[in-house]
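See below for the structure under consideration.
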Amino acid sequence: MNSPSLPQGIDSATFCLANAQIVLEDRIVTGAIYVNDGKITDVVSTDQIPLGAVDCDGDLIIPGLVELHTDNLERHIQPRPKVDWPHMPAILAHDAELAGCGITTVFDAMRVGSIPSGKGRYLKYARELSREMMELRAEGALKISHFLHLRAEVCSETLIEELSEFDENDRVGIVSLMDHTPGQRQFRDTTKFKAYVMGKSGMNDQEYQEHFDMLLGLRARLGDKHEAMVVTEAARFGAVLASHDDTTTEQVVTSANHGICLAEFPTTVEAAQACRDNGIAIMMGAPNIMRGGSHSGNVSANELAELGLLDIVSSDYVPAALLQSAFRLAKLWDDLPRAIKTVTKAPARASGLYDRGTLEVGMHADMVRIRPMRDVPVVRGVWSRGRQVG
């Protein structure tokens, strides 16, 4: 994966990647990229290899991937049900895994809004985990750029309390409104909700019914109050506000009235079209693209792509799928630059980042070197702000 001309661990303040197929916003050019002090200083169309440059041997160079919603960190802190892993090694492993997949900017999704009572309980963890994440970042221990994505579960007992523990200094870039009340959105089919919950928690039928009734009660008692509070808190953080699993036009209109500008995983064509009509960016999951459909029975991301209703792709629960899905979209659209934009510029701009996501002068030198092999994009080098991290 590492360039033979610039081994991993050997950083250079000034260097050049040459003899590369450079993926720009609207075309691919053979050329060289110059980097100084973590920024791109020049992009040149040329077939020459400057003295001392890294010879990319015709490989593709794309911007570093920008991930807006990944549950991957949660998988590292709890690799098996009821198995808690030490946070520092979990964070470092998560960071290294993303870097190895070409992801150079991530918004780590952490749930806020716990249910500490009952069999199917969710315990608070986001405040302490995010604090440890930011400490490691300050110490220079992380390979890539990390921001927070707070997944605010309105169907909870402690949401307001947990949100109050964060402020504008916590790098909260995205706050998403989550509502996993059974019978709507992702879990319109309550039989699928039952299979999911019982499979994950090991509940019996009676315990499941008690959990089901508790969730409905929480939503009826606190849902509207929590939803309004999330909108207010996102503004306090200066964060982008996102919706999750919109299903109907009415839900999208409500999202638009809240000031939401990013829709995560709309579940129907109706909702996706309503997002487009309301100027809300549409994000779908890379696993949906790779599998050819949703594991929950919702709309296919490929169908939305064919309809022109797909702007951004998220790895969701498989980090490596982000890059792989972009190449699947490139085949579907017959347009690699357009597909790469769904995992670079589009998510960067949707999250308010204007210093990365494209290979242009002045941008962060976040870059990924790729060689397609048997229709699979193989990562051969990753640079984060000019430092080789993979």
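For this structure, a couple of remarks:
- Filtered residue count, the stretch 331-385, keeping only those that are touching a Leu at 6+ places or on another chain (Cβ under 7 Å), of a type in the set (Ser, Thr, Tyr) and either in a helix (DSSP H, G or I) or within 19 Å of Arg27 (Cα to Cα) (or both): 2
- In the stretch 354-377, residue farthest from the chain's Cα centre (by Cα) [restricted to those that are open to solvent by 50 Å² or more (accessible area, probe 1.4 Å) and touching a residue at least 24 places away in the same chain (Cβ under 8 Å)]: Val361
For (1) of a type outside the set (Lys, Arg); (2) farther than 20 Å from Ala348 by Cα; (3) over 23 Å from the mean Cα position of the chain (by Cα), each residue gets a yes or a no:
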residue: Asp205; (1), (2), (3): yes, yes, yes
residue: Ala234; (1), (2), (3): yes, no, no
residue: Val240; (1), (2), (3): yes, no, no
residue: Val252; (1), (2), (3): yes, yes, no
residue: Cys261; (1), (2), (3): yes, no, no
residue: Asp277; (1), (2), (3): yes, yes, yes
residue: Ile280; (1), (2), (3): yes, no, no
residue: Met290; (1), (2), (3): yes, yes, no
residue: Asn298; (1), (2), (3): yes, yes, no
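- Count of the stretch 26-48 residues which are open to solvent by 80 Å² or more (accessible area, probe 1.4 Å) and more than 31 Å from the chain's Cα centre (by Cα): 3
- Residues of the stretch 158-182 satisfying the condition of being open to solvent by 40 Å² or more (accessible area, probe 1.4 Å) and either modelled with pLDDT under 80 or in contact with a Leu (Cβ under 6 Å, 6 or more places away or on another chain) (or both): Arg171, His180
- Scanning the stretch 78-103 for residues that are β-branched (Val, Ile, Thr) and surrounded by fewer than 20 Cβ atoms within 10 Å (Cβ to Cβ) yields a single hit, Val83.
- Residue match in the stretch 52-74 (condition: charged (D, E, K, R), open to solvent by less than 70 Å² (accessible area, probe 1.4 Å) and more than 25 Å from the chain's Cα centre (by Cα)): yes
- Per the listing Ser351, Ser300, Ser325, the residue uniquely within 14 Å of Pro287 (Cβ to Cβ), in contact with a Gly (Cβ under 7 Å, 6 or more places away or on another chain) and in contact (Cβ under 8 Å) with a residue 12 or more places away in the chain is Ser300.
Listed here are the residues, each with its yes/no results for (1) out of contact with any strand residue (DSSP E or B) (no Cβ under 9 Å at 6 or more places or on another chain); (2) surrounded by fewer than 22 Cβ atoms within 10 Å (Cβ to Cβ); (3) of a type in the set (A, V, I, L, M, F, W, C); (4) more than 20 Å from Glu168 (Cα to Cα).
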{"position": "Ala234", "(1), (2), (3), (4)": "no, no, yes, no"}
{"position": "Asp245", "(1), (2), (3), (4)": "no, no, no, yes"}
{"position": "Ile260", "(1), (2), (3), (4)": "no, no, yes, no"}
{"position": "Phe265", "(1), (2), (3), (4)": "no, no, yes, yes"}
{"position": "Met283", "(1), (2), (3), (4)": "no, no, yes, yes"}
{"position": "Ser294", "(1), (2), (3), (4)": "no, yes, no, yes"}
{"position": "Gly297", "(1), (2), (3), (4)": "yes, yes, no, yes"}
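The values are calculated or read from the model by the stated rules, or taken from the named source; none is laboratory data. Since the model is a prediction, treat every value here as computed from it, not as a measurement. Ideal geometry is used to build each Cβ from the backbone, glycine not excepted, and the neighbour counts take in all protein chains shown. Areas reflect the complete protein model, heavy atoms only, side chains present, ligands, DNA and RNA absent. Shrake-Rupley method; radii C 1.70, N 1.55, O 1.52, S 1.80 Å.
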